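Bear in mind that the values in this text are calculations on the coordinates, not laboratory data. Predicted, not measured: the structure shown is a model, and the values here were computed from it. In this analysis, Cβ positions are derived from the backbone assuming ideal geometry, glycine residues included, and neighbour counts consider all displayed protein chains.
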Amino acid sequence: MADHYYTRNPEVASEPTFWNAELRNHSLRFKTDQGVFSKKEVDFGSRFLIETFELPQVEGPVLDVGCGYGPIGISLAKSFPDRHFHMIDVNERALRLAKENATINQTDNVLIYESDRLLEVAEKKFAAIVTNPPIRAGKSIVHDIFEQSYNHLVANGELFVVIQKKQGAPSAKAKMEEIFGFAEVMGKRKGYYILRSIKR
């Protein structure tokens with residue numbers, strides 16, 4: 001079976017590389033590798049989500065689901081140093097990179113650990129959850145993330161999702177409305193949608 005970025009242990013040979021990115025007015029440096037999502041640059045969807053994110057007016061940490069090598073969680077943690085950020089992924093190589101990148105970028109308000117969807121996440125009082133979901137893992141996995149996110153948010157906590165229209169943004173929005181009773185399109189750009197739900 002071919003390796004995917006949502007594989008727990010990618011078997012593709014390691015070829016680490018470094019590059020720089022400007023995110024939310026922070027100059028960041030990332031180490032990436034084969035077998036992780038968007039290893040050559042911060043992908044457009046993640047960048048769009050990073051730029052669009054607004055911190056909800058409720059207390060609690062923030063969770064990055066499917067953090068990969070860390071661009072979303074690390075850039076937001078740099079932007080909101082008074083908040084604590086959890087970053088999770090199923091890909092062990094990506095998690096090692098995320099931990100290295102948190103150190104490289106002197107980001108000490110993050111906790112990075114392995115979780116299949118949110119199954120290993122003990123915290124139940126997140127103010128916000130952000131995700132660029134693993135579309136190729138299948139719709140059921142993506143919908144599991146939405147459903148489990150609801151149970152890990154505080155009242156008035158918010159879920160932020162970036163997804164391409166052609167990869168199922170309308171059905172994702174419908175599912176979020178079904179779970180949360182509310183979903184809106186915060187932004188559209190180049191076929192990508194930022195969807196937001198609030199836990200009422």
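Remarks
- When you work out D = kT/(6 pi eta Rh) for the stretch 142-186 at 37 °C and 0.692 mPa s, using the Kirkwood radius from C-alpha pairs as Rh and the Stokes-Einstein form, the result is 303 µm²/s.
- With helices as the sole contributors, the chain gives -8500 deg cm²/dmol at 222 nm; each DSSP H run of n ≥ 4 counts as -39500 (n - 2.57), and the sum is divided by every residue.
- Residue order, fewest to most beta carbons within 10 Å, for 47, 83: 83, 47
- Take the Cβ atoms of residue 44 and residue 122, set R0 to 25 Å, and the FRET efficiency comes out at 0.15.
- Charge dipole of the stretch 110-200 (Cα centre as origin; +1 on each Lys and Arg Cβ, -1 on each Asp and Glu Cβ, all else neutral): 540 debye, rounded to the nearest 20.
- For the chain, the dipole from Cβ point charges (+1 on Lys and Arg, -1 on Asp and Glu) about the Cα centre works out to 600 debye, to the nearest 20.
- All other residues whose Cβ lies under 9 angstrom from that of residue 154 are scored, Lys and Arg at +1 and Asp and Glu at -1, for a net of +2.
- Based on the Stokes-Einstein relation at 10 °C and a viscosity of 1.306 mPa s, and on the Kirkwood radius from alpha carbon pairs, the stretch 17-198 is assigned a translational diffusion coefficient of 99 µm²/s.
- With distances taken between every two different alpha-carbon atoms, the stretch 23-94 has a Kirkwood hydrodynamic radius of 12.8 Å.
- Here 43, 64 are placed in order of increasing Cβ neighbour count within 10 Å, fewest first, which gives 43, 64.
- Put a dot 7 Å past the Cα of residue 109, heading toward its Cβ, do the same for residue 19, and the two dots end up 2.8 nm apart.
- Distance distribution P(r), the stretch 79-185, all Cα-Cα pairs, bin width 10 angstrom from 0: 13, 44, 34, 9, 0 percent.
- Listed pairs 99/125; 39/199; 78/173; 40/188; 31/125; 31/165 exceeding 26 Å between Cα atoms: 39/199; 78/173; 31/125; 31/165
- Shown for 107, 17: other C-beta atoms within 10 Å of each C-beta, ranked fewest to most, produce the order 17, 107.
- Sum of side-chain charges, residue 88 neighbourhood, beta-carbon under 10 Å (Lys, Arg +1; Asp, Glu -1): -4
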